[in-house]
1. If the requirement is being out of contact with any Lys or Arg (no Cβ under 8 Å at 6 or more places or on another chain) and at pLDDT 95 or above, which of these qualifies: Lys35, Lys44?
2. In the stretch 40-69, what residues are touching a Phe, Trp or Tyr at 6+ places or on another chain (Cβ under 9 Å) and either at positive phi or among the hydrophobic types (A, V, I, L, M, F, W, C) (or both)?
3. Show the residue pairs that are 6+ apart or on different chains and have beta-carbon atoms under 6 Å apart, the first residue being within the stretch 7-23 and at negative phi, the second being among the polar types (S, T, N, Q).
4. Can you tell me which condition Gly86 does not meet? The list is (1) outside the structural domain of Leu9 (by TED's automatic domain parsing); (2) in contact (Cβ under 8 Å) with a residue 40 or more places away in the chain, and all the others hold.
5. What about Lys48, is it in a loop (DSSP other than H, G, I, E, B) and surrounded by 11 or more Cβ atoms within 10 Å (Cβ to Cβ)?
6. Return only the number of the condition from (1) assigned to a helix (DSSP H, G or I); (2) small (Gly, Ala, Ser); (3) at pLDDT below 95 that Ala95 does not satisfy.
Amino acid sequence: MNKEDLYRLWAYDKEIKLWNDMTENNSEKNSTEVKKIVSRLRKKAKDKRKELYKFIETVQDPYYRILLKCRCIDRKSWKEVAQILGGTPDSHRMALERYISETL
């Protein structure tokens with residue numbers, strides 16, 4: 001697991017949304033191909049989500065487990081994270097960045 005892996009789920013979800021928006025806004029002749037692409041992306045996202053859950057389970061500190069779940073799986077903003085945990089968005093962002101750089 002590395003930093004890129006932590007945020008790959010977010011990227012898959014955004015890409016799925018873009019492909020879905022494209023087919024909704026245009027009556028694409030290639031909609032069957034787009035559906036295949038979206039289906040493959042959904043499988044990758046599902047696999048990545050499982051991998052992230054397994055990784056988060058290995059984290060000893062509950063604070064970092066919460067941060068990882070909020071940011072990497074639930075895709076909450078730093079402001080939302082601060083509302084859940086208290087403190088400031090920047091304090092949690094920096095804490096997670098430090099944790100990632102020290103442990104991954």
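1. Numbers: Lys35 fails: at pLDDT 95 or above.
Of the residues listed, the single one that is out of contact with any Lys or Arg (no Cβ under 8 Å at 6 or more places or on another chain) and at pLDDT 95 or above is Lys44.
2. Of everything in the stretch 40-69, those that are touching a Phe, Trp or Tyr at 6+ places or on another chain (Cβ under 9 Å) and either at positive phi or among the hydrophobic types (A, V, I, L, M, F, W, C) (or both) turn out to be Leu41, Ala45, Ile56, Val59, Leu67, Leu68.
3. So the pair list comes out as Thr23/Ser31.
4. (2)
5. Details: in a loop (DSSP other than H, G, I, E, B): no; surrounded by 11 or more Cβ atoms within 10 Å (Cβ to Cβ): yes.
Here the answer is no, as Lys48 does not meet what is asked.
6. All conditions are met except number (3).
Results for (1) of a type in the set (A, V, I, L, M); (2) over 15 Å from Arg8 (Cα atoms); (3) assigned by TED's automatic domain parsing to the domain that holds Tyr99, shown as yes or no for each residue.
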{"position": "Ala45", "(1), (2), (3)": "yes, no, no"}
{"position": "Arg65", "(1), (2), (3)": "no, yes, yes"}
{"position": "Asp74", "(1), (2), (3)": "no, no, yes"}
{"position": "Val81", "(1), (2), (3)": "yes, yes, yes"}
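The values are calculated or read from the model by the stated rules, or taken from the named source; none is laboratory data. This one's a predicted model, so the numbers in the text were calculated from it and none came from an experiment. Every residue, glycine among them, receives a Cβ derived from its backbone with ideal geometry; neighbour counts consider all protein chains shown.
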